[in-house]
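The values are calculated or read from the model by the stated rules, or taken from the named source; none is laboratory data. Everything numeric here is computed off the predicted structure, so don't read it as measured data. Here the Cβ positions follow ideal geometry from the backbone for every residue, glycine too, while neighbour counts run over all protein chains shown. Note: accessible area is taken over every heavy atom of the protein model, side chains too, but ligands, DNA and RNA are not part of it. Shrake-Rupley method; radii C 1.70, N 1.55, O 1.52, S 1.80 Å.
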Amino acid sequence: MKKFRYVGGLAVLGAVWLGLTAFCWAKPADKVSESERRPLAEFPELSAQTVLSGDFMSGFEKYSLDQFPLRDSFRTLKSFNTFYVFSQKENNGIYIEDGYAAKLEYPLNEQSVLSAVDKFRRIYDLYLAETDAKVYISVVPDKGCFLARQNGYPSLDYEELFSLVRDNADFAEYIHIADRLEFSDYYRTDTHWRQEKIGDVAHYLAEAMGAGGLDGNYTVMTADVPFYGVYYGQSALPLGSERIKYLVNPTLEACTVYNAETGKTGGIYDFDKLAGRDPYEFFLSGSAPLLVIDNPLAATDRELVIFRDSFGSSLAPLLTEAYSKVTLIDTRYISTDLVGDYVKFDNQDILFIYSTLILNSSTVLK
């Protein structure tokens, strides 16, 4: 009887394994993981060369993991057990505190931060040194600044990161904003800060740049679709949805946004993006090499140029009230050497503002 149970158990396991294998081979390969917002591995090239070099097997291993049947369901099961059965504090580098999901970001990569500052200095030397431009620099802390060390997780040395930027960017005036933020200013399931929470940060930046002119008189609107941030997919947990809120006033409604890459002109907010893979792209249609915001209601002819990452998408609209023109340059997508082909620098305000996530992994900057 015992032998029969063993044989029966092995038969069941074998049948499950064969079924999953057949399912894996029969189903079409998925191109992307919607939950993780990344492309999935494709079937590797099969040739004598790739087999002998080992490239085929390593590629096939990645393909098998990415294309495994019911992959998202198994990821959720693993994550649930990790957090709630085995009481581990993180899964896939994601941890959850006070209802907010964040990603472990450590240790501080000092060389990366210094490299980023050097890249900003090169922009200054190429385009700004011989002009009347007034140059500023600021750092957007990621959510972990307010959640990691306070809850016992490995953490960046944020104060050291801020100091590295402040002390080495001698070509710019440093504007410190971390003390004006807290974890509730960020989305619960996403990396980014919430636009409706950063009006005071925008006001402070404008005042520090000598612009002023932000009265903060906005109406808060709520998008009518649920928002699941990037950490929703990466955590593989059934976290609750959120809503994107955005600010409107006559100035923002009158502004137009020109995208130099597409050649198209639109508004501050792109409602079509709310139904896309990353609804945060609702703000200024997402990341782009170069955008120009024109404010026809501006009281002055003052201009602002922002060198930025994705955090700038929701911040920049709040600064437009003080400027007739705001140019956004994302050096993750445009080479520094090409910037001068599109922007004439003269006497603008210049703001370098990047998140700690980018500064700690600055190889993405061109």
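Counting only Cβ charges, +1 for Lys and Arg and -1 for Asp and Glu, the dipole size of region 215-366 around its Cα centre is about 320 debye. The figure for T356 is an accessible area of roughly 0 square angstrom, using a 1.4 Å probe on the protein chains alone.
If region 150-288 were replaced by its equivalent ellipsoid, with semi-axes equal to the square roots of 5 times the Cα gyration tensor eigenvalues, what would those be, largest first, whole Å? Don't skip to the answer; put the middle values down first.
On the way: eigenvalues 138, 116, 49 Å².
Rounded to whole Å, the semi-axes are 26, 24, 16.
Dipole magnitude for region 108-248: computed about the Cα centre from +1 point charges on Lys and Arg Cβ and -1 point charges on Asp and Glu Cβ, it is near 500 debye.
What does the accessible area per residue of region 162-271 come to in Å², with a 1.4 Å probe and no ligands, DNA or RNA counted?
Result: 44 Å² per residue.
Surface calculation, 1.4 Å probe, protein heavy atoms: T265 sits at approximately 90 Å² accessible.
For region 275-343, with every protein chain kept in place, what is the accessible area per residue (1.4 Å probe, Å²)? Before the final figure, lay out each step's value.
Values: 2170 Å² over 69 residues.
On a per-residue basis, 31 Å².
With the highest mean first, a sort of the peptides 342-351, 167-176 on other beta-carbon atoms found within 10 angstrom per residue produces 342-351, 167-176. Keeping the other protein chains in place, figure out the carbon and sulfur percent of the accessible area of region 236-346, with a 1.4 Å probe. Using a 1.4 Å probe with all protein chains present, region 236-346 comes out at 46 percent carbon and sulfur. Measuring only protein heavy atoms, the 1.4 Å probe finds K325 accessible over about 70 Å². Scattering from region 77-221 was approximated by placing one identical point on each alpha carbon and applying the Debye formula without solvent; log10 I(q)/I(0) at 0.15, 0.16, 0.17 1/Å stands at -0.92, -1.00, -1.07. Using equal-weight Cα scatterers in the Debye expression, the normalised intensity of region 295-338 in log10 at q = 0.16, 0.22, 0.32, 0.33 Å⁻¹ is -0.45, -0.73, -1.09, -1.13. Ligands, DNA and RNA left out, the accessible area of region 114-176 computed with a 1.4 Å probe is 41% carbon and sulfur. Cα centroids of region 279-339 and region 107-171: 20 Å apart.
For region 178-249, GluC sites (Glu not before Pro) meeting the loop criterion (DSSP other than H, G, I, E, B) and having at most 16 other Cβ atoms within 10 Å: E182.
May I ask you to rank I123, I96 by accessible area, largest first, using a 1.4 Å probe over the protein chains only?
Values: I123 5, I96 45 Å².
These residues rank, largest area first, as I96, I123.
Value of Rg to Rh for region 278-366, rounded to two decimals, is 0.96; Kirkwood radius and Rg both from alpha-carbon coordinates.
Roughly what % antiparallel, to the nearest 5, for the DSSP beta bridges in region 126-256? The partial results should precede the final answer.
Numbers: 7 of 10 bridges.
Among the beta bridges of region 126-256, antiparallel pairing accounts for roughly 70 percent.
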